[in-house]
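Contents: one structure, followed by commentary.
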Amino acid sequence: KGEVTTSASFPLKKNECHQFVINKGAADYFLISARQNGVDVELRLFEGGREIKATDSENLNSGFEFLPFKANTTGNYLLQVKWVDDRQTMLKNEGSYILEIEGKTATEQDSAFIEQFERAKYFYDKATSERLSNNSANAVNDYLSAVGIYQALPQDRAVKYKSFLTNYYLGVSYNLLKKYSDAVTTF
């Protein structure tokens, strides 16, 4: 599709994959987001032909996918935005997404933010895997770890959205454990 440096909307059909070049330029910190409109996408980032990062939240065909990263080298990165329908739940064969790429020079705060955001994402992904494997007790502990990290971060759009998702699935996990009063307090 080309090079995107700000924001653009793209239609996406079933089983399509769009590719974008991200030129590092003077920036060394990027926040990539894709707002899904009737389509579930995954984001994959490549450097020199090697995948270095990926994200696909459980939000199906709405909401956001976020991929923050600190650039390591000069040159270009390749971003793939791919149609996903793992659960075969998509009723339509097309939708769209709005891709936003923000690049800036990283401060120590930005680097710490990325590190903590990734740490929270690790706990969130681990908890989701545990919840889907019917291990709700462990899922609750990991969701609580993720919530604690998200609450300590500056509350930008990505953090607020991920906090919402984490609290939602924390409530689902409490519900599966029949801890209804705990589930209610997460919403």
In 10 Å bins starting at 0, how do the alpha-carbon pair distances of segment 33-129 split up by percent? 14, 42, 35, 9, 1
Expressed as a whole number of Å, what is the distance separating the alpha-carbon centroids of segment 132-166 and segment 1-80? 22 Å
For the chain, what is the relative contact order in percent, using Cα pairs closer than 8 Å and at least 6 residues apart in sequence? 23 percent
Please identify every one of the trypsin sites (Lys or Arg not before Pro) in segment 48-154 that sits in a loop by DSSP and has no more than 13 other beta carbons within 10 Å of its own beta carbon. 87, 92
In terms of the alpha carbon gyration tensor, root eigenvalues a ≥ b ≥ c, rounded if a/c is under 1.5 and otherwise prolate when a/b exceeds b/c or oblate, the chain is oblate
Return one whole number: the accessible area per residue of the chain in Å², for a 1.4 Å probe. 52 Å²
Segment 143-163 residues near the modelled residue 104 label - backbone nitrogen below 15 Å, point 7 Å along Cα→Cβ: 154-159
Full extension between residue 21 and residue 118 adds, at 0.36 nm per residue less the Cα distance, a length in nm of 32.6 nm
Can you tell me the dipole magnitude for the chain around its Cα centre, using point charges on the Cβ only (Lys, Arg +1; Asp, Glu -1), in Debye to the nearest 20? 280 debye
Calculate how many DSSP beta bridges within the chain are antiparallel, expressed in % of all such bridges and rounded to the nearest 5. 95 percent
My understanding is that a pair violates if its Cα-Cα distance is over 31 Å; which of 92/178; 126/178; 70/92 do that in this structure? 92/178; 70/92
Note to self, the chain gives a 222 nm [θ] from helices alone (DSSP H runs n ≥ 4, -39500 (n - 2.57) apiece, / all residues, nearest 500) of -12500 deg cm²/dmol
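Counting only protein heavy atoms, what percent of the accessible surface of segment 36-131 is carbon or sulfur at a 1.4 Å probe?
About 45 percent, which is the carbon plus sulfur part of the accessible surface.
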With every protein chain left in place, what is the accessible area of residue 168 in Å² (1.4 Å probe, nearest 10)? 100 Å²
What percent do you get for the relative contact order of segment 97-187 when only Cα pairs under 8 Å and 6+ apart count? 24 percent
Nearest-0.05 FRET efficiency for residue 94 and residue 157 at R0 = 30 Å, using Cβ-Cβ distance, is 0.70
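The values are calculated or read from the model by the stated rules, or taken from the named source; none is laboratory data. Computed from a predicted model, the values in this text were never measured in an experiment. Note that each Cβ is placed from the backbone with ideal geometry, even for glycine, and that neighbours are counted across all protein chains shown. To get the accessible areas, we keep the full protein, side chains included, count just its heavy atoms, and leave off ligands, DNA and RNA. Shrake-Rupley method; radii C 1.70, N 1.55, O 1.52, S 1.80 Å.
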